[in-house]
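Step one of this worksheet: look at the structure below.
Please treat every number below as a calculation from the coordinates, not as lab data. Bear in mind the structure is a predicted one, so any value in this text is a computation, not a measurement. Methodologically, a virtual Cβ is constructed for each residue, glycine included, from the backbone with ideal geometry; neighbour enumeration extends over all protein chains shown.
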Amino acid sequence: MPPYADASPFSGMGGHSLSVADVDADGRDEIIYQAMAVDDDGEGLYSTGRRHGDAMHVGDFDPDRSGLEVFLITENEGRTVAWGTPGAVSHDARTGDPIWTHSPGVDVRGGLVADIDPRHAGSEIWGGPGGLRTVKGDAIGASPRTGDWAIWWDGDPLRELFSRRSITKWNPNPRARSRCSFSAPAAATTVPRCSATSSATGAKNSSSPRPTAARSAFSPRRSHEQRLPTLMHDPQYRLSLAWQNVAYNKPPHPSFYLGHGMKPPPRKAIKSSRRRASWSSDTPSLEERRPGLSRST
């Protein structure tokens with residue numbers, strides 16, 4: 001395995017993003033760190049040998065296939081070009097076995113996974129040569145101009161694309177323009193990207209982009225017939241709010257397929273701790289810790 005035969009198979013397999021997901025369905029989370037995965041006990045689960053990259057996505061992108069998938073891209077530069085590492089690959093999240101690959105030896109700088117075209121089952125994938133592809137890896141046409149963020153904004157299961165200060169709805173008709181759904185106010189025009197997106201309310205399927213340099217949050221004002229439990233009840237999605245700001249932040253993905261033609265998602269058994277903080281006689285009071293501040297303040 002490049003670059004050195006005597007090196008650990010996990011050496012050099014990290015990248016600019018990571019994800020946390022239960023890839024082997026044992027009820028415990030694994031860490032997917034670009035081209036490798038670490039099991040819940042801290043042992044290496046697998047290494048794909050596909051090295052460093054700038055983008056990675058983990059989720060149930062193919063409703064016809066059991067389990068989760070990982071899509072990642074690889075930087076092939078300088079002497080690494082000769083190794084012929086695929087520039088983009090979709091692999092089994094549990095085993096690391098490739099499902100499909102393309103562009104060996106090509107330097108792919110970015111990629112995204114989102115269900116934006118209802119004509120094809122599952123999510124669409126783009127990044128590198130070949131334009132827009134189905135979740136099976138088949139090329140279907142030109143890709144969107146942006147590949148940074150995908151969110152659920154207008155209430156239907158298809159995702160919208162968020163870039164800089166606008167949200168657009170992808171139009172699969174090559175002769176038509178994508179519809180702009182949102183435009184940030186002038187105060188946010190200097191913000192190149194958001195720091196996090198999340199669907200924090202369960203009444204409707206929506207996401208709120210949060211700009212990096214401002215404390216603003218935006219949400220849609222429209223409702224939709226489809227109702228889902230809040231995505232924050234999905235452990236993988238909930239954890240994604242933490243890792244979104246690790247290295248190159250990427251959009252969150254739930255552990256179930258959320259897209260056109262989806263089945264009702266499984267309900268997760270989420271339990272909250274209701275233990276109260278205990279106080280002893282040795283615990284300083286609020287007034288002692290913060291002079292001049294009373295409990296009624």
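Each principal axis of the Cα atoms in the range 1-83 has its own extent, and those three values, largest first, are 39, 27, 20 angstrom.
Summary value for the range 1-135: 17 percent relative contact order, contacts being C-alpha pairs under 8 angstrom separated by 6+ residues.
For the range 37-113, the relative contact order comes to 29 percent (Cα pairs under 8 Å, sequence separation of at least 6).
For the pair residue 136 and residue 26 in one chain, pulling the backbone fully straight at 0.36 nm per residue adds 37.0 nm over the alpha carbon distance. Applying 1/(1 + (r/R0)^6) with r as the Cβ-Cβ distance of residue 263 and residue 241 and R0 = 30 angstrom yields a FRET efficiency of 0.75. Ignoring aspartates and glutamates fewer than eight residues from residue 136 along the same chain, the ones with Cα atoms less than 20 angstrom from its Cα are 60, 62, 64, 69, 92, 97, 115, 117, 124. Report the FRET efficiency, 1/(1 + (r/R0)^6), for residue 145 and residue 121, where r is their Cβ-Cβ distance and R0 is 30 Å, rounded to 0.05. Calculated value: 0.80. Here the gap between residue 164 and residue 99, fully extended at 0.36 nm per residue and compared with their Cα-Cα distance, gives a gain of 20.2 nm.
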